[in-house]
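What follows is a set of notes on a single structure, which appears directly below.
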Amino acid sequence: MFLVTNSIQVPFLFILMGILGFEVFHTWISIPFCCLYTVSIMDNITILAVIRTEPSLHEPMYLFLSMLALTDLGLTLTTLPTVMGVLWFGASEINFEACFFQFFFLHGFSCMESSVLLAMSFDPYVAICHPLHYVSILTNQVISRIGVAIICCCVLAVLPPLFLLKRLPFCGSHHPSHSYCLHQDMIRLVYADTTVSNWYEFVLALVIITLDPLLIVFS
């Protein structure tokens, strides 16, 4: 059995899981998954292309919409290789670094999606409450700063659990319960005290799941 500790790192593989109990049907199950991924990619690329080429759509709400399309496209492309690899080819093995790489982008884009939806709710709020100042408030420069702030905040939010998890030892079972690497899956495979990581994950999830929707409703 391979082992990763805090002081030394040797080859370690996670074994990603498909749909338990339906392994023999993975080829058939892959068809709707492939269709959904294709539709998602084509839709988001179309949205980005239309907004980019049509000058009349260079307005705040459509710029926020393009941010949302980018985050959705990022989420799709992050999970696509491992999900389809497991369903099509049974390629369930993923090395330690690749799993953490996927973990970072998956949780990062998830956080960005919630933040972009919150930013989008700011547009109708300004349009309704401050219609005469709408153009001067939501300028392209302000929207760019909001986008940069969202990226920075989400990256800083995802990095701590990544570093905490990377320093912990893994042993025993190395079978996450999904076809991609999630923090809640990986933390269960750690052979150490995970209190800090668990509490950080709880607080971050509480903020994303509770605070962002509350602020959207409030706006």
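Annotations
- Residues satisfying the stated conditions in region 143-189, i.e. closer than 18 Å to residue 18 by Cβ, in contact (Cβ under 8 Å) with a residue 40 or more places away in the chain, open to solvent by less than 30 Å² (accessible area, probe 1.4 Å) and of a type outside the set (A, V, I, L, M): 176, 179, 181
- Considering (1) open to solvent by 60 Å² or more (accessible area, probe 1.4 Å); (2) within 29 Å of residue 82 (Cβ to Cβ), the lone condition that residue 129 does not fulfil carries the number (2).
- Of all the residues in region 190-212, those that are assigned to a helix (DSSP H, G or I) and either open to solvent by 60 Å² or more (accessible area, probe 1.4 Å) or free of Cβ contacts under 8 Å to residues at least 40 places away in the same chain (or both) number 14.
- Region 4-25 - residue that is open to solvent by less than 90 Å² (accessible area, probe 1.4 Å) and modelled with pLDDT of 75 or more and, of those, farthest from residue 87 (Cα to Cα): 13
- Test: residue in region 78-99 that is acidic (Asp, Glu), more than 30 Å from residue 196 (Cα to Cα) and out of contact with any Ser or Thr (no Cβ under 9 Å at 6 or more places or on another chain): no
The values are calculated or read from the model by the stated rules, or taken from the named source; none is laboratory data. The structure displayed is predicted, hence computed values, not measured ones. Quick reminder, even Gly has a Cβ in these numbers, built from the backbone with ideal geometry, and neighbours come from all protein chains shown. Surface accessibility is based on the protein's heavy atoms, side chains included, excluding ligands, DNA and RNA. Shrake-Rupley method; radii C 1.70, N 1.55, O 1.52, S 1.80 Å.
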